[in-house]
Each structure stands twice: as structure tokens, then as C-alpha cells.
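To start, the structure under review is shown below, and the notes come after it.
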Amino acid sequence: MCGRYTLTKNIKTIESHFKPVQTNLKYFPSFNIAPSQISVVVTQKSEMMGMKWGLVPTWAKDAQIGNKLINARSETLHEKPSFRDSFENKRCLIPADGFIEWKGKQPYYIRFKDQRIFAFAGLWSTWDSGDKPLHTFTIITTKANQTLSAIHSRMPLIMHPKNYKKWFLDDNISLASPFTKNTEIDLEFFEISTAINSPKNNEISLLQPSGQKSFIF
């Protein structure tokens, strides 16, 4: 699964990578993005928006369902009622530069070795209860690769930039099968402080490797 992630790059770096047609958000770098918080999402129309983490389907009676839908399993998302419509019509990219996973009570920070920005595959939805429409998203997960399987059996589905357009344009049948397969990617991980456990904490020191006095991010 994916329960926390980071997006610490400046807005110019994000825009340079995703080249959005529009930007519709107030952006602040974050070292501890947690479910129910607002974060950056890039839609199939190349619009960069702020959305709440935890997908609320259009048919939901209560927005609280989003608390249970922060992740969508790649193997079944085309079948599940909660995700099926979004998979067909509202796919997205979720900018990130790292994520956190726990082995027991120990949190680990996971990132690319060159610390580059990347994107999770995601789905989004707009829930309209008659008040202000609520835009929400979920992160798609897949089987952990060899590097991360020592920590957890699942990991977020990381998209290669060359596949961004494919993710948006291909039909659901051609995408469902490849998601069950996983290739090794150039990631590294290290232990970090349990202070990351609290969503209220959001500073760079959270990502310092345990036992080290200094850390260049």
C-alpha cells in the first residue's frame, strides 16, 4: 500500500516535468503528505489541480468513504465499483519524489537514487453533494519489486515518463494485464524517525536517515 509520500520540489520543477496546460492550485512543498490532505494531481487534460487524497466515488452518499479508498489495487481496479468509472474516464498522475512504508513499526523513506521527481498512477473523481464540488484521488498500487519486497508486499505504481500519455489514452483492457507485472526500478530506502507517523509533522528533518546527524536532501 501507500500511506504517505512526499513532494518537496519547487513548482517550477514540477511544471517542467509534467508541462501542464493549466495550473489550478496553491502549492506548498510537503515532507509528509497524508490521507485526507490536499496534494497536486495532473489530470488527463494536463491540468494541474489540488485534490484531496482518498477517492470519493460520484455515487457515494457520504464523503467519509474516501478514508477507505486511498489506494486502488492495480489487479482489480477495472472491476471494483469504487474505481471502475474513474479507471475508464478519470485517470491521473500524482507527482511525488518519495514515499514512506512501514515494516512493523519502523518507517522507511523510499526514493529514486538520483532524487528525481516522478509520478504515481492514480484515479480521481468529483463528488457533488450540492455544495462545492469535492475533487479527490487515489494512488494505484502493485506488487512490490525485488528491492522493496523486504519492507512490504505492495508498492505504489510508478509511471515512467514515456508512459504518461499511454496511461491517459489506452483503453482499460490493454492496461489491466500489464499492471500485474512489475519491473525492477532504481530505488533506494533507509530508516527514518517515527515522528513521520504524525500527519501534523511536516519538516525536512523527518526524512533524515536514522542515526545520521546531517542529511542533504
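The values are calculated or read from the model by the stated rules, or taken from the named source; none is laboratory data. In this text the structure is predicted, and so the values were computed from the model without any measurement. Note that we place each Cβ from the backbone using ideal geometry, even for glycine, and neighbour counts take in every protein chain shown. With ligands, DNA and RNA removed, areas are computed over all heavy atoms of the protein, side chains included. Shrake-Rupley method; radii C 1.70, N 1.55, O 1.52, S 1.80 Å.
Data overview
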| read-out | value |
| --- | --- |
| Among (1) closer than 19 Å to residue 9 by Cα; (2) at pLDDT 95 or above; (3) open to solvent by less than 70 Å² (accessible area, probe 1.4 Å), the one test that residue 101 misses | (1) |
| Among (1) of a type in the set (A, V, I, L, M, F, W, C); (2) in contact with a helix residue (DSSP H, G or I) (Cβ under 7 Å, 6 or more places away or on another chain); (3) modelled with pLDDT under 95 - the single one residue 21 does not satisfy | (2) |
| Candidate set from region 34-54 (those that are open to solvent by less than 10 Å² (accessible area, probe 1.4 Å) and in contact with a helix residue (DSSP H, G or I) (Cβ under 6 Å, 6 or more places away or on another chain)); member that is nearest to residue 12 (Cα to Cα) | 42 |
| Selection within region 46-81 - closer than 18 Å to residue 128 by Cβ, touching a strand residue (DSSP E or B) at 6+ places or on another chain (Cβ under 7 Å) and part of a loop (DSSP other than H, G, I, E, B) | 54, 55, 56, 57, 58, 60, 69 |
| Enumeration of residues in region 86-117 that are assigned to a strand (DSSP E or B) and touching a helix residue (DSSP H, G or I) at 6+ places or on another chain (Cβ under 8 Å) | 91, 93, 95, 98, 100, 106, 107, 109 |
| Condition broken by residue 147, with the remaining ones in (1) within 22 Å of residue 196 (Cβ to Cβ); (2) at pLDDT 90 or above; (3) not charged (D, E, K, R) satisfied | (2) |
| Among residues of region 189-211, those that are out of contact with any Pro (no Cβ under 8 Å at 6 or more places or on another chain), open to solvent by 50 Å² or more (accessible area, probe 1.4 Å) and within 16 Å of residue 106 (Cβ to Cβ), counted | 4 |
| Any hit, region 6-25, residues being in contact (Cβ under 8 Å) with a residue 40 or more places away in the chain, in a strand (DSSP E or B) and closer than 19 Å to residue 202 by Cβ | yes |
| Index of the failed condition, residue 135 passing every other in (1) within 28 Å of residue 20 (Cα to Cα); (2) open to solvent by less than 40 Å² (accessible area, probe 1.4 Å); (3) of a type outside the set (Val, Ile, Thr); (4) at pLDDT 95 or above | (2) |
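Condition check ((1) open to solvent by 10 Å² or more (accessible area, probe 1.4 Å); (2) within 20 Å of residue 198 (Cα to Cα)) across all residues:
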{"position": "66", "(1), (2)": "no, yes"}
{"position": "71", "(1), (2)": "yes, yes"}
{"position": "81", "(1), (2)": "yes, no"}
{"position": "89", "(1), (2)": "yes, no"}
{"position": "105", "(1), (2)": "yes, yes"}
{"position": "115", "(1), (2)": "yes, no"}
{"position": "124", "(1), (2)": "yes, no"}
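Here is a yes/no grid of residues against (1) among the polar types (S, T, N, Q); (2) modelled with pLDDT of 95 or more:
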{"position": "45", "(1), (2)": "no, no"}
{"position": "49", "(1), (2)": "no, no"}
{"position": "53", "(1), (2)": "no, yes"}
{"position": "59", "(1), (2)": "no, no"}
{"position": "74", "(1), (2)": "yes, no"}
{"position": "87", "(1), (2)": "no, no"}
